[in-house]
1. From Leu251, Leu265, grab the single residue that is part of a helix (DSSP H, G or I) and buried (at least 20 other Cβ atoms within 10 Å of the Cβ).
2. Go through segment 236-267 and report how many residues are under 21 Å from Gly206 (Cα atoms) and within 18 Å of the chain's Cα centre (by Cα).
3. What about Asp87, is it acidic (Asp, Glu) and out of contact with any Asp or Glu (no Cβ under 9 Å at 6 or more places or on another chain)?
4. List the pairs whose first member sits in segment 193-220 and is over 18 Å from Ile157 (Cα atoms) and surrounded by fewer than 24 Cβ atoms within 10 Å (Cβ to Cβ), whose second member is of a type in the set (D, E, K, R) and modelled with pLDDT of 90 or more, and whose Cβ atoms are under 6 Å apart, counting only residues at least 6 apart or on separate chains?
5. Which ones in segment 189-208 are at pLDDT 90 or above, outside any helix (DSSP H, G or I) and touching a Ser or Thr at 6+ places or on another chain (Cβ under 7 Å)?
6. Residues that are closer than 14 Å to Gly315 by Cα: which helices (runs of 4 or more DSSP H) entirely in segment 61-129 hold 1 or more of them?
7. Quick test for you: out of Gly53, Gly104, pick the one residue that is of a type outside the set (Phe, Trp, Tyr) and at positive phi.
8. Looking only at segment 4-39, filter to residues that are of a type in the set (D, E, K, R) and at pLDDT 95 or above; which one of those is surrounded by the most Cβ atoms within 10 Å (Cβ to Cβ)?
Amino acid sequence: MAYDISASRNRNSVTKVDSSRFYSEYYGHKVRHLEVLLPQLRADTDSLIWTAGDSSLDNKYWFSDIRSAVGLAGYEQVLDPPRCNADVTYWLNYLANARGSRLGAINTAVEATTLNERTFRLRPQDRFLRDNIQSNDILIVSVGGNDVAMAPTPCTIFSILSMVKLPSWCLKRGCVVGSMPCDEYCCGCGPAAMGSCLCAFPPCFGYLVHLFGTRVKRYIEKLVAKTKPKTILVCMYYYLDENPTPSWAGLALGCLDYNSSPHKLQTLIRRAFVEATSKIEVPGCEVIPIPLFNVLDGKNSRDYVARVEPSSEGGFKMAEYLLDTIQRVDAIGDGGGRIGDVLPTTSITMARQ
């Protein structure tokens, strides 16, 4: 008989979670499952990597690549049978184990969610993260793409469409002199977002910077309101698959001219990384901007599902890049150096081109 969380316990008194149900949940993982997993992860690791945001990190729904959980701290003991779908979090755990690291990873990102809905109230998985993250942990955040592609507000639609219709030279020279530092709870259609347009060239670029700068920062501040982790990795999105195959985001990609001129949206992504993501600061935390477009560049369709979701292969590449960055941060913390040395030197240079 299938079960969710079994009433029985094994010899070591570890409560079990049905692995198929753990991975079949569309919207992230159920909090009651995470509540069973977390204590075992804490017992088997020195610190945890928490993922938060949307399906750019919670990509398990989009494929079935079932692999053994044997050797993965926490998961081997809790999942029954001990098998995982190879999402981004699986690869973080797999690579950490392969490298002999005492790191574990837990996914609280949620598929098909937006910044807008979190303006008023955090999702249950977000609150679970907020209540359980510790000072020695690492937080990875990737969010905002669905506010453009899945559930855009009228202001978002106008701003993004206005920019992709501009000539490429105008996008490449986009700049910002400032952005309103508040999120006014109007889902990107209030005076702060609109006022940010007055501080940028082209004007609508200020809207994008407010979305991926100020509003992402406010979301992160809510996540770490109780405890500040030692490191926060803030991701800017990867480039989407340039091959015009069927996708739930096909209409949005067509409107954004991605099928004919992908370089325009890619330029906006790079510029938003420089002017928004790279300038996010959270007091008490080391914040590292992560250009995922350095990992998934839109050229290899095997990295994607439905053009916009990371495949298992794409998730592996992302996890490898993220873990490399985390270990560079740890190495600098142990032996001195500059945080500016954490990312490859090409990251900011490429984004400015």
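1. So the residue among Leu251, Leu265 that is part of a helix (DSSP H, G or I) and buried (at least 20 other Cβ atoms within 10 Å of the Cβ) is Leu265.
2. 5
3. Working: acidic (Asp, Glu): yes; out of contact with any Asp or Glu (no Cβ under 9 Å at 6 or more places or on another chain): no.
So Asp87 does not fit the description; no.
4. Every condition considered, the pairs that remain are Tyr219/Arg118.
5. Of everything in segment 189-208, just one residue is at pLDDT 90 or above, outside any helix (DSSP H, G or I) and touching a Ser or Thr at 6+ places or on another chain (Cβ under 7 Å), namely Cys204.
6. Details: elements: 75-78, 88-98, 115-118.
Helices (runs of 4 or more DSSP H) meeting the threshold: 88-98.
7. None of the others qualify; the one that does is Gly53.
8. Here the residue is Lys16.
The values are calculated or read from the model by the stated rules, or taken from the named source; none is laboratory data. Since the structure is predicted, the reported quantities are computational estimates derived from the model, not experimental observations. When we count neighbours, we look across all protein chains shown, and the Cβ atoms used for this are built from the backbone with ideal geometry, even at glycine.
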